[in-house]
1. D for the range 150-265, whole µm²/s, Stokes-Einstein with Kirkwood Rh over alpha-carbon pairs at 10 °C and 1.306 mPa s: what number?
2. Please list the radius of gyration and Dmax for the chain, considering alpha-carbon atoms only, with Å as the unit.
3. Could you compute the longest span of the chain free of trypsin sites (Lys or Arg not before Pro) located in DSSP loops and having at most 13 other Cβ atoms within 10 Å, not counting the site residues?
4. In degrees from 0 to 90, rounded to the nearest 10, what is the angle of the helix 186-195 Cα long axis to the longest principal axis of the chain?
5. At a 10 Å Cβ-Cβ cut-off, how would you order His194, His43, fewest neighbours first?
6. Please list log₁₀ I(q)/I(0) at q = 0.11, 0.17, 0.19 Å⁻¹ for the range 51-202, using the Debye equation with identical point scatterers on the alpha-carbon positions.
7. Would you please give the residues with an amide H less than 5 Å from that of Ile166, counting only those at least 5 places away or on a separate chain, with H modeled from the backbone geometry?
8. Given the Cα-Cα distance of Thr4 and Asp254 and 0.36 nm per residue of separation, how much length would full extension add, in nm?
Amino acid sequence: MNYTLTQVPERTQQPRNSGLTMVMDKGLSVREVEDMLSTSSKHIDIVKLGWATSFVTPNIQDKIAVYKSANIPVYFGGTLFEAFVVRGQFEDYLRILDKYDLGLAEVSDGSITLPHEEKCEYISKLAARGKVLSEVGSKDAEKIFAPYKWIQMMQAELDAGSWKVIGEAREGGNIGLYRSSGEVRQGLVDEIIHAISAENIIWEAPQKSQQVYFVKLVGQNVNLGNIAPNEIIPLETIRLGLRGDTFSTFLSDDIKQKYRLGKYYQDERIRQDD
């Protein structure tokens, strides 16, 4: 940090197992990656090359090398896994992972229908060669799973070998965990978080309001994903209580009361109204 402030919550240190920030790279150039890392590398834990953008992005090998030079793991989006599987090319997919020396892989079924047992078999196979992220939830807005189903699938995928399970939201944050407006399905999240350890979940949260919700719910070391490159540093300030949305979250009650922050502000408003 550039200077000292008291009552700033402690962040886990890299390489970390909780408090992860997963960044969505939707086709950045090598130069754009270098620029992003020059300011944000200390706040990036993993990078997803979104959906199947790696198929058409030029200089992909050079770009991956830049991330690796900063010790940042890179992986292909789950849609690419699905594109190989639906074409009967899973072995080709494994060869692609080896070609680019990627130790992290994502398994999802958001665009295709896979029996869950078969999905877990893919997780187990990939877990034998490296870390696996598995995504739960559909990209189809018509497919809405009951909370118990989310919990069952998440636990089964962790048991199959997933390092973390990802709560689906798409890059827009308007599906899966969220309503079409971007509003969090609070009942769903509450049930999941009481059944599955928060450390094992990455919540896709591309919108600021979603990031704020999970930081307030879980704390500064919640795992968040699908973060845009220009939102990495703003997210870190949200985690540290240094943006208006979480300004009072980590301050002591004495300070909150003195400056009428949070519930003390509401209490003061009530007294004034009376």
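1. Details: Rh = 15.1 Å.
D, rounded to a whole number, is 105 µm²/s.
2. 19.8, 70
3. In the chain, the maximal stretch lacking such sites is 180-274.
4. Helix 186-195 sits roughly 70 degrees off the main axis of the chain.
5. Least to most surrounded, the residues fall as His194, His43.
6. So the normalised log intensities are -0.43, -1.01, -1.22.
7. Ser134, Glu135, Val136, Ile202
8. Working: separation 250, 0.36 × 250 = 90.00 nm, distance 2.01 nm.
The span from Thr4 to Asp254 would gain 88.0 nm if fully extended.
Any read-out appearing in this document is the output of simple, stated calculations on the displayed coordinates, not a laboratory observation. Predicted, not measured: the structure shown is a model, and the values here were computed from it. Backbone-built Cβ (ideal geometry, glycine too); neighbour counts: all protein chains shown.
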